[in-house]
Amino acid sequence: MFWRDRRVLLALGATAVMGLLFGMILAMLTSGGDDGSSQAGPAANTATTSPSKSAPASPLPTDLRDPDYGYLSEVRTGDQPVLVFDRVDFLTGEEAKQKWEEEGREPLDYYISNVNTRLRDRVVAADVKVFGSQRLTGAPPEQEIDADQLYDYVNSGDGTDMLVTLRYNQQTGEVVEIKEVYLP
């Protein structure tokens, strides 16, 4: 029996060595050769050059709505602020009334549904316009405010339940307008 165990171990070892050799050959072929000078294939993503200032921080989102209703759970500030956005469905009029009736509850003028709580990162344009209302300015007529005022309010924890709308630049995917939604 010992000789069978030995053959099995030898076969397993040979298979492992062949797998390593295959992986090394594949890596050399996709990196463009053995000198490492070419940047073709997957190895091109590991280049050490610094990204240009005009390149987006992430790929263009494919799920942009206009307007996009939701809540901001966080704002990551830096060279280019990023909103952590929780999208909701916001209905008004007959659609809202119908939803309330389906639930057997007294209808309001609006209906907010947050079935999917996936958080999305949204890059903010440098020239973003921000409009506040009752919570950000203390009065219902919306007024343009400084973006930092919104960022501070959200990051303090007070603004995470404040409904906002986002509008995007369709070419870059960046947020170009943020509005607090007035809810009576």
| request: Starting from the Cα-Cα distance between GLN149 and ALA126, subtract it from 0.36 nm times their residue separation and give me the gain in nm to one decimal. | output: 6.8 nm
| message | Taking 30 Å as R0, compute the FRET efficiency from the Cβ-Cβ separation of SER156 and THR92 and round it to 0.05. | response | 0.55
| said: How large is the Kirkwood hydrodynamic radius of segment 68-180, counting all unique pairs of alpha carbons, in Å? | reply: 14.9 Å
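Here, each number is a calculation from the coordinates, and none is a lab measurement. Please read these numbers as outputs of a predicted model, since none were measured by experiment. With ideal geometry, Cβ positions are generated from the backbone for all residues, glycine too; neighbour counts draw on all protein chains shown.
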